[in-house]
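Q: Handing you this structure, nothing more for now.
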Amino acid sequence: MLRSKMPSVFALALLGATVAARPAHALVDVCNTATGNYNNSAAAVQPAVNGSTCFTAQSNPILVIDKTRSPGNGAPGTNVTFDIRVTYPKLVPPAVPVTDPGVCGDDSTATSVVITDPVSVADFTYVPGSLLLSTDNGTSFVAKSDAADADELSYSLITNILTGNLGTLTEGTGGAGCTPGAARIIRFQVTKN
Ligand SMILES: [Ca+2]
């Protein structure tokens, strides 16, 4: 089965109010020290005393979208399956569960994760009722309705935009162990016009 990467610009991950990924991605200790200076009764300067504490700062989460299509090409009428794979922490493409060592050690949580994917109606026609969602890294998929209702996914035949409300994503077990979390995969089908 031919599976090729699509430009990631076709899918957007909105992380709350933050859109762009941030470069910082590790736990950072921010230390603060208080110093006391004083004299004795003869006005001789005494050694200073210090008290310190460190706050462990969590960085902002970095999600990654890897979008693929299958097949990679075909004549008009070809049925095409798209996968939008959302991972946290970052997994090295093309879909192997190997965590990018550059983004380990992040214990933060991504909240209000919303995925949008506008389908180019000049090229493709959405196949109604084809929405599927996996929350276990693709082991299983559950059908979701096209309607904007209580489930996570919807597809508007008016705007031709797929929307996925994925809620909160956590970084697997977190910490330096960098155990990958379960990738979410949104799957849908279109027909080439
Ligand atoms: Ca729905």
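Residue-by-condition table, conditions (1) in a strand (DSSP E or B); (2) of a type outside the set (G, A, S); (3) touching a residue at least 24 places away in the same chain (Cβ under 8 Å):
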residue	(1), (2), (3)
S41	no, no, no
P47	no, yes, no
N50	yes, yes, no
F55	yes, yes, yes
A75	no, no, yes
V80	yes, yes, yes
D83	yes, yes, yes
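Q: For segment 117-163, give me the residue count where each residue is within 14 Å of the ligand (Cβ to nearest atom) and either at pLDDT below 95 or part of a loop (DSSP other than H, G, I, E, B) (or both).
A: Adding up the residues that qualify gives 15.
Q: Ok, one more. Can T109 be described as in the same structural domain as I65 (by TED's automatic domain parsing) and away from the ligand (no atom under 16 Å from the Cβ)? Working first, answer last.
A: Details: in the same structural domain as I65 (by TED's automatic domain parsing): yes; away from the ligand (no atom under 16 Å from the Cβ): yes.
Considered against the rule, which asks whether it is in the same structural domain as I65 (by TED's automatic domain parsing) and away from the ligand (no atom under 16 Å from the Cβ), T109 comes out as yes.
The values are calculated or read from the model by the stated rules, or taken from the named source; none is laboratory data. These figures come from a predicted structure and were not determined experimentally. Every residue, glycine among them, receives a Cβ derived from its backbone with ideal geometry; neighbour counts consider all protein chains shown.
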